[in-house]
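The values are calculated or read from the model by the stated rules, or taken from the named source; none is laboratory data. Computed from a predicted model, the values in this text were never measured in an experiment. Every residue, glycine among them, receives a Cβ derived from its backbone with ideal geometry; neighbour counts consider all protein chains shown. For the accessible areas, the whole protein counts, side chains as well, though only heavy atoms, and no ligand, DNA or RNA atoms are used. Shrake-Rupley method; radii C 1.70, N 1.55, O 1.52, S 1.80 Å.
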Amino acid sequence: PRVCVVGSGPAGFYTAQHILKHHGGALVDIYEKLPVPFGLVRFGVAPDHPEVKNVINTFTQTARSERCAYYGNVTVGRDVTVPELRQAYHAVVLSYGAEDNRVLGIPGENLPGVYSARAFVGWYNGLPENRDLKPDLSCETALILGHGNVALDIARILLSPLQLLRKTDITDSSLAALACSKVKRVWLVGRRGPLQVAFTIKELREMINLPGARAVLDPADFTGLEDAVKDAPRPRKRLTELMIKTALEKPAEVQAGAAAPRTWGLKFQRSPQEVLPSADGRRARGIRMALTRLEGSGDSAKAIPTEDVEELECGLVLSSIGYRSLPLDPAVPFDSQRGVIPNSSGRVEGVPGLYCSGWVKRGPTGVIITTMNDSFDTAQSVLEDLQGGVLDISPSREGFGVVESILRSRGVRPVSFSDWEKIDAAEVARGKAAGKPREKIVDPVEMLRIIGH
C-alpha cells in the first residue's frame, strides 16, 4: 500500500512512523509546503527549549527509512490537488496543522503595534512568512492577551537576558531587535480567572525563575482559592498553589541603587474591547478591557463582560488566543466553525481513503505528546482499513511517480530529505561560527540556492 501524508510536523511524522512500524510493506511519502521539515517543532517550540526539539532525531530516523520519502517545497491544494493525490495513493492523511490564528474581532486590532502570537513566534523562530515582521519594541509595556504556554513563551523571550538567548537557535535578526528592545513590563491578560489558566506548571515555574525579572501577582486575585482547589486534579492544584505562593512572596528588596528589574504579571477577568490608537491614530497606545464575571466553574466557566471597563497603557499588544486551521482543498470537507476536518478517529467523513491527524483533526490544542497519541490513533485507523479490506489495494498506485510528472508539468521542483540535510548542515555551520546550535536560514530562495535548485 502507498500512503501519502500531507504536512511534516509532529502529526505528519508520528502518523508515518506508526504506519511504517506496524505495516511491513507500506510505503509512505510525506509532502511539505516549505523546503524544510518539522513544522512547529522547528517554528513553534521556543528557542530556549532545545530539549523539546529532540523529537527531530526520531523524525529524521523515520525520514531515512527506505520505505519513507520526503518531498518539501510542494504546496498541496495548489501544486497538486487532494483528488490527484487520492488517484496516486491508496490512502491520504492530512496533517497540515493550523496555519492561521484566531482574530480578536475588536476595533483597533489592525493598528501598528498589534501582532498575533503566531506571527511573533514565527518571527523569532525563523518562519519564512514572518521574517519581515519588524515588531516595534520601542515601548516599555507589552500586553499579551492569553493565558496559555505560547503567551508565557513570548513573555519569556521579551524579558530574557540576552546572554541566555544568544546561546539558542533564535534568529539573528530577532536577537538584534531584542537587544534594542525597551520592553521592561509584560502583562498577561485573560478573560477568565486563575483556575482557568491554560499554561502548565513547568512553564510558569520557568517564568518565575527568569533571571532579572520579577513576578507581580495581586494577592487579592487569589483570595479563597486554596479551598477551591482542595479537590481539583493534582496538576491544577499545584499550578494554583504556585501562583498563590508567588503572589504572597515579598520581593527581595531591590538592592540600593540597582536598576529595577524587568517585571511581568498576570491579570484576570479582563476581556479586550478595543485597542486604543495614539493621538495621531498611527499606532496602538493602550487597550480598553471590560471586567468580566464568571458563570459556572472549573474549565467550563464562561467569562461574561460587565459594564465596568479599564484602560491600560501599552505600545505592544500580542494576541495569543489560539491558532486556526484553514481548508486546504475544495474537495475536502471542512467545518469552518470549529476549524477542523470533520472526522471519526481520523477517518474523514464521507471520503473513504482520506484521513486527518493533529491540529486539523482535533483543533489547535495540546503539546507534542498529545499530537503523538492522536496521530497514532489516526494511523491505527489506516492500518485497520488496510487489514479489513476497506481500502482496496488491488489496483496498483504509482505514488510519487504520478505526482512527480504533475509537479514537473507545473514547474515545481520538490526538495528531498537529503537536500534538507544540506540546508541543515549549512545552518549548523553558521550557528557554530556564532556560538549557537544553528543559525536558521529564513529565506526559502536562499534554502533552494544552497541545494542548487
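The Cα center of segment 296-341 and the Cα center of segment 122-197 differ in position by 20 Å.
The heavy atoms of residue 448 offer some 40 square angstrom of accessible surface to a 1.4 angstrom probe. Under 5 Å from the amide H of residue 262 lie the amide H atoms of 214, each residue being 5 or more positions distant or on a separate chain, with H modelled from the backbone and absent for Pro and chain starts. Across the chain, C-alpha contacts under 8 Å between residues 6 or more apart give a mean separation that, scaled by the residue count, equals a relative contact order of 24 percent.
Note on residue 365/residue 295: beta-carbon distance plugged into 1/(1 + (r/R0)^6) with R0 of 25 Å gives a FRET efficiency of 0.70.
For the pair residue 110 and residue 223, label points projected 7 Å from Cα toward Cβ lie 4.3 nm apart.
Under 5 Å between amide hydrogens, built in the peptide plane, is the criterion, and for residue 343 it picks out 349 among residues at least 5 positions away or on other chains.
Find how much the distance from residue 335 to residue 310 grows on full extension, using 0.36 nm per residue of separation minus their present alpha carbon separation; answer in nm with one decimal. Value of the extension gain: 5.4 nm.
Computed with a 1.4 Å probe on the full set of protein chains, the accessible area for residue 86 sits at about 90 Å².
A simple spin-label model places the labels of residue 132 and residue 51 3.9 nm from each other, with each point 7 Å out along Cα-to-Cβ.
Counting heavy atoms of the protein chains alone, residue 203 has an accessible area of about 30 Å² for a 1.4 Å probe.
Label sites at residue 393 and residue 429, each approximated as a point 7 angstrom past Cα along Cα to Cβ, lie 4.1 nm apart. Please list, in order, the residues from segment 322-363 whose amide nitrogen is less than 16 Å from a point placed 7 Å along the Cα→Cβ vector of residue 78. Zone members listed by number: 326-330.
Computed extension gain for residue 237 through residue 65, at 0.36 nm per residue and net of the alpha carbon distance, reaches 57.5 nm.
The 1.4 Å probe gives accessible areas that order 289, 372, largest first, as 372, 289. If the segment from residue 418 to residue 166 were pulled out straight at 0.36 nm per residue, it would be longer than the present Cα-Cα gap by 87.9 nm.
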